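A short write-up of the structure that comes next.
The values are calculated or read from the model by the stated rules, or taken from the named source; none is laboratory data. Just so we're clear, the structure is a prediction, and the values are computed from it rather than from any experiment. We place every Cβ from the backbone using ideal geometry, glycine too, and count neighbours over all the protein chains shown.
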Amino acid sequence: MYYNRLSETSPFNLFYRFLQAYPAPASLNYSWNFGVLALFCLIIQLLTGIFLTMHYIPHVDYAFISVEHIMRDVVDGWLIRHLHANGATAFFVCLTVHQYRALYYGQPESSDSLGLAGNLMFAILIIIAFMGYVLPWGQMSYWGATVITNLLSVIPFGFGHCCLALIGWLCYWASYVKSFFKFTYCVTFCFSYFSSTSFCSFT
Ligand code: HEM
């Protein structure tokens, strides 16, 4: 029993099930690559994000200057930042093609919940990208943050009010950047967990 469980989860078995016995549809074409490309984008975002974090300062007074420091003084900092900013766009392109491919070619009925999880992950990614966009704390970040957080205030039964309180109150900008930074960090790692379960459900 123990041996069976072990052999089922062994790396070789995973390799065999994924590369040899993977039930591929007859209509398989290049658009199927976008799932793994999305995973590649996630890895790039995580790695570049960690390097940016080493020099980024999550404080309203220093956020913008620290990003400028990354661009001008840090060796290859400009490259890491551009990889991160453009990696976010590439991530959305890959996920959109990945989802449209699933809609266009159809999915097995058994994977309905997987489609639902995919939509949920897409929504979470929009939140992560929005929070990342706020971090440099330039003019665009400021107005983006103002518009989007004001949207929350329309949620009835005091829920919007609670969301604003959680973010750190609109008037108290000092905690704002810090909260967004913490949220980006935590939510991205939850997102990575979600996507790994989605990936493993296919292997
Ligand atoms: C799915 C994953 C992620 C997405 C889509 C994402 C997206 C973004 C975006 C759009 C920006 C603004 C880029 C700019 O205009 O400069 C940004 C900035 C930033 N992100 Fe992420 N991010 C992700 C993961 C992470 C992770 C895991 C970390 C930290 C470990 C991180 C740390 C940062 C930092 C420090 C900045 C501010 C520096 C800068 O603006 O270049 N990000 N992120």
>> So the check is Cβ under 7 Å with 6+ separation or different chains; which pairs have a first residue in the stretch 14-42 that's under 18 Å from L103 (Cβ atoms) and within 16 Å of the ligand (Cβ to nearest atom) and a second one that's at pLDDT 75 or above and of a type in the set (A, V, I, L, M, F, W, C)?
In response: F34/C94; F34/V97; L37/C94; A38/F91; A38/C94; A38/L95
> Quick one: which of A123, A38 is surrounded by 14 or more Cβ atoms within 10 Å (Cβ to Cβ), over 20 Å from G138 (Cβ atoms) and not hydroxyl-bearing (S, T, Y)?
Replying inline: A38
>> If a residue counts only when it is under 30 Å from P25 (Cα atoms) and more than 12 Å from the ligand (Cβ to nearest atom), which helices (runs of 4 or more DSSP H) contained entirely in the stretch 65-165 have at least 2 such residues?
In response: 77-105, 112-134
> Looking at this structure, is W32 of a type outside the set (S, T, N, Q), assigned to a helix (DSSP H, G or I) and farther than 21 Å from G132 by Cα?
Replying inline: yes
>> Of all residues being within 20 Å of P23 (Cα to Cα) and among the small types (G, A, S) in the stretch 104-117, which is modelled with the highest pLDDT? Just the residue, please.
In response: G115
